[in-house]
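For reference, the structure discussed in these notes is given below.
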Amino acid sequence: MMIRHIVLIRFRADVTEAQVAAMFEELEAIRSKISGVLSITSGRSESPEKIERGYMHGFVVDFDGWDALDAYQTHPDHKALGAKLVAHAEGGLDGILVFDLPVHE
C-alpha cells in the first residue's frame, strides 16, 4: 500500500518565492537519503477555483508504505526542514496542514 503524504503551507507574507524554492530543493534532496520515497512533487497552487484559503504552497511525497513514512519523519534532514517550514509559516505550526492518505491500488 502506498502512502501519500500531503502538506499544505501558508507562508508568511515576507517569505519570498526564492526562499520557498530553496526549501523545496531541500525536500527534493531528501529523496536520495531515504529508502521507500517513490516521488516528490512541490510548488505553488494554480487552482482555477481559488479556494486555497491562504495555503498557496504545498508538496506531496509518495512512500511505499508506513515504514518509509516513519523513516522520513524521523530523519534529521526532515526534522531540520520541518523546523524551517514551521518558522516560515504564518502562525508557525498553525500555518501547516498535513494529511497522510493510504492509497490502495
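Coordinate-derived values only; no laboratory data. Bear in mind that the values here come from a model prediction, so they are computed numbers and not experimental data. In this analysis, Cβ positions are derived from the backbone assuming ideal geometry, glycine residues included, and neighbour counts consider all displayed protein chains.
In debye to the nearest 20, how big a dipole does the chain give about its Cα centre with +1 on each Lys and Arg Cβ and -1 on each Asp and Glu Cβ?
220
Using the alpha carbons of the range 1-54, what is the convex hull volume per residue in cubic angstrom, as a whole number?
Measuring per residue, one finds 105 Å³ for the Cα hull of the range 1-54.
Once the Cβ-Cβ distance between Leu93 and Arg12 is put in as r, and R0 is 22 Å, what FRET efficiency do you end up with, to the nearest 0.05?
It comes to 0.95.
If you stretched the chain out fully between Asp100 and Ser32, how much longer would it get, using 0.36 nm times the residue separation minus the C-alpha to C-alpha distance?
Between Asp100 and Ser32, full extension yields an extra 22.4 nm.
Per residue Cα convex hull volume for the chain, in cubic angstrom?
Cα convex hull per residue, to the nearest whole number: 102 Å³.
Sort the following peptides by mean Cβ neighbour count (other Cβ atoms within 10 Å, averaged over residues), highest first: 57-68, 33-44.
Descending mean neighbour count gives 57-68, 33-44.
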